1. Answer yes if at least one residue in segment B:79-95 is basic (Lys, Arg) and over 29 Å from B:THR46 (Cβ atoms), and no otherwise.
2. Every residue in segment B:209-244 that is within 14 Å of chain A (Cβ to nearest Cβ), out of contact with any strand residue (DSSP E or B) (no Cβ under 6 Å at 6 or more places or on another chain), buried (at least 20 other Cβ atoms within 10 Å of the Cβ) and aliphatic (A, V, I, L, M), please.
3. Could you go through segment B:205-226 and let me know if any residue there is part of a strand (DSSP E or B), hydrophobic (A, V, I, L, M, F, W, C), more than 16 Å from the chain's Cα centre (by Cα) and at pLDDT 95 or above.
4. State which residue is nearest to A:ALA188 (Cα to Cα) when the search covers only segment A:113-165 and only residues that are β-branched (Val, Ile, Thr) and at pLDDT below 70.
5. Looking at B:GLY18, is it within 26 Å of B:ASP234 (Cβ to Cβ) and at pLDDT below 95?
6. Identify the residue in segment B:187-201 that is more than 11 Å from every other protein chain (Cβ to nearest Cβ) and among the hydrophobic types (A, V, I, L, M, F, W, C) and, among all such residues, is farthest from B:GLY91 (Cα to Cα).
7. Could you list all residues from segment A:168-186 that are surrounded by fewer than 22 Cβ atoms within 10 Å (Cβ to Cβ), touching a Leu at 6+ places or on another chain (Cβ under 8 Å) and within 12 Å of another protein chain (Cβ to nearest Cβ)?
8. Residues B:ALA345, B:ALA337, B:ALA369: which one is of a type in the set (A, V, I, L, M, F, W, C), over 23 Å from the mean Cα position of the chain (by Cα) and modelled with pLDDT of 75 or more?
Amino acid sequence: MLHDSHAHNVALTGKNLRMSPEDAAVSLLRAAGLAGIAAPPIDVLYLAEEHVGLDVQEHADLFAVPGAPPRESGARLSGLLFPEHRRIYVNAVEAKRSHGRKLFTVAHELGHWHLHRGDGTAVHTRFCSEADVGAAPARLKSTQQIEHEANRFAAALLMPEPMVRSLAPAVQFNVRLLAQRFDVSVPAMQVRLEALNMLPDYMRR
Amino acid sequence: MRIIHLADTHLGFRQFSGKFDPERKLNQRECDVYDAWHRAIDIAVTREVDAVIHAGDLFDSSRPSPRAMAEALDGLARLRDAAIPVIAIAGNHSTPRFRSGGSVFEILERFGLHAAWREPQTFRVADVAFHAVPHEGDGAQMQEDIAGLVPDPTAAANVLMLHAGLEAVPTSTYGEVNAIELSQDVIAQAPFDYIAMGHLHRFQAPQINAIYPGSLERLDFADVDGEKAVLEVDLSTPAGAPGFLARHTLRTRPMLDLLVDCSACDHEAVVHAVVSAVGDAAVDGAVVRVRLEELQREVWGALDFGRFDELFGSCLHHTVQVGRTGLRAGPEGGVEAELRFDAWARGRMPSGVDSEAVIAIAQNYLKDASASEVEADAA
């Protein structure tokens, strides 16, 4: 079964070159049979490990991982993707602080896997700094294009639009409650609701 | 129906002993709070709203001073003269621990105020039902109180009034007494058109139909960001739709909270850094806190605080203090704290361990903890 999933995802990657990050996320959910589920959270670890066949590891110091970039003073890494080893590393310190953050980083790296590993310049290892992986709304909106796309993919994967549109009115658009239900951070939920134009001005940040 | 939703006016609040309003001969911060209250009343009268509701902590104390009572009654009298009904609930600051002495709301009720201070009550004003839940020291009891309320099917709108925090919402209150937090589910599932909340001092909308209007004046440094405003709600408009909510901005006493990076600064450079941090900000009459970060112990000892007194001479109040990072040992007093940790750790590392990697991880944890503290402080 794992083999079939891998073959499917290779084909999917080819198609994804022309897809928006949101469409690529929906394709992945459909391929994994998760597009029709009614209730969150989306099990991104299942998607990454069981469906796509990536190994997800945590490490407290990502600069110490073999193949990581040289340590820079003040710099922090949130996630690493090693396509050739089919492996994602997540910053264990951040993961301990916020489970939602950890899942967003996994989804972000999954976004790179689907969107960027075949684009010529990015077949290589991806190093995602703390600022690249969406945490605060300002960061989610302003990072480099390729990182921005990975963030959009992650948001659409963890918080699928139909699911958000269905659940948000039922809880009066309560952002913290929705974040709990979707198992994401509050800033990630806030940005998703704003991106979907679902919040009135007085709830926007 | 259009209403003004107020909360956390804290009439009777005082701060900075010895700082008086020159004309009224009263504590200046106490006057600030009264002035904000009267401006809010002005707005309610000018806007010709159909009701004013107050979601708790009308007073700063459960036993308000005669002055605070007089200011409250002056405002309520103006609303009564304008035929604007007022509904209020007791908040944690205005609920006495021992009720044998009665409540200030008993007096206000005789003045025509609709008040819920002992138990939940529903008040009908025109075609709107206001379900008023006073502060309750036990969160589970308050949840029961809310669950026991049934929206009036004949009302054009049903409004729930609450005074409580919410789980996972950073508080921006001060000196809290007997405060409680409710689960987010409680308000998300509450079947009311509008939930008028009080307790948090910053404007916040935890959900589309539940709003904290915030206090009318800044009462502490946790409440520096954002504008203060009087909240007007149009209950004939669906929550979230254009026109549902309007904020009428209030001018408040300026409050500045400055974090100044003093790394590599001598005592003169610290003064320059503070001047630079103030920049063009208006400090006349302001309340200012300066926190000196990464400051060396020797530099702190050499600071001329008279310079700061000159710089902030026109402020109502200022304080200059050591920031979160604490005092650093200077080059003559030893090595910098982070380096000391390196040396300490290297000497204790078991063989076969990558000491630099372990130190890097430990420093990440320390930075992380520091970042969390800063975030918590900002919140």
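1. Going residue by residue through segment B:79-95, those that are basic (Lys, Arg) are B:80.
Narrowing the set further to residues that are over 29 Å from B:THR46 (Cβ atoms) leaves none.
The answer is no; no qualifying residue exists.
2. Hit for segment B:209-244 is B:ALA239, nothing else.
3. Yes, segment B:205-226 contains at least one residue that is part of a strand (DSSP E or B), hydrophobic (A, V, I, L, M, F, W, C), more than 16 Å from the chain's Cα centre (by Cα) and at pLDDT 95 or above.
4. Initial filter on segment A:113-165 (β-branched (Val, Ile, Thr)): A:121, A:123, A:125, A:133, A:143, A:146, A:164.
Those still in the list that are at pLDDT below 70 too: A:121, A:123, A:125, A:133, A:143.
On the way: A:THR121: 28, A:VAL123: 27, A:THR125: 25, A:VAL133: 10, A:THR143: 14 Å.
Among those that are β-branched (Val, Ile, Thr) and at pLDDT below 70, it is A:VAL133.
5. Details: within 26 Å of B:ASP234 (Cβ to Cβ): no; at pLDDT below 95: yes.
So B:GLY18 fails the test.
6. Going through segment B:187-201, the residues more than 11 Å from every other protein chain (Cβ to nearest Cβ) turn out to be B:196-201.
Remaining after also requiring among the hydrophobic types (A, V, I, L, M, F, W, C): B:196-197, B:200.
Working: B:ALA196: 13, B:MET197: 10, B:LEU200: 11 Å.
Of everything passing the filter in segment B:187-201, B:ALA196 is farthest from B:GLY91 (Cα to Cα).
7. A:VAL171, A:ARG176, A:ARG181
8. On the way: B:ALA337 fails: modelled with pLDDT of 75 or more; B:ALA369 fails: modelled with pLDDT of 75 or more.
The conditions single out B:ALA345.
The values are calculated or read from the model by the stated rules, or taken from the named source; none is laboratory data. If you're wondering where the values come from, they're calculated on a predicted model, not measured in any experiment. Note: ideal-geometry Cβ built from the backbone for every residue, glycine included; neighbour counts use all protein chains shown.
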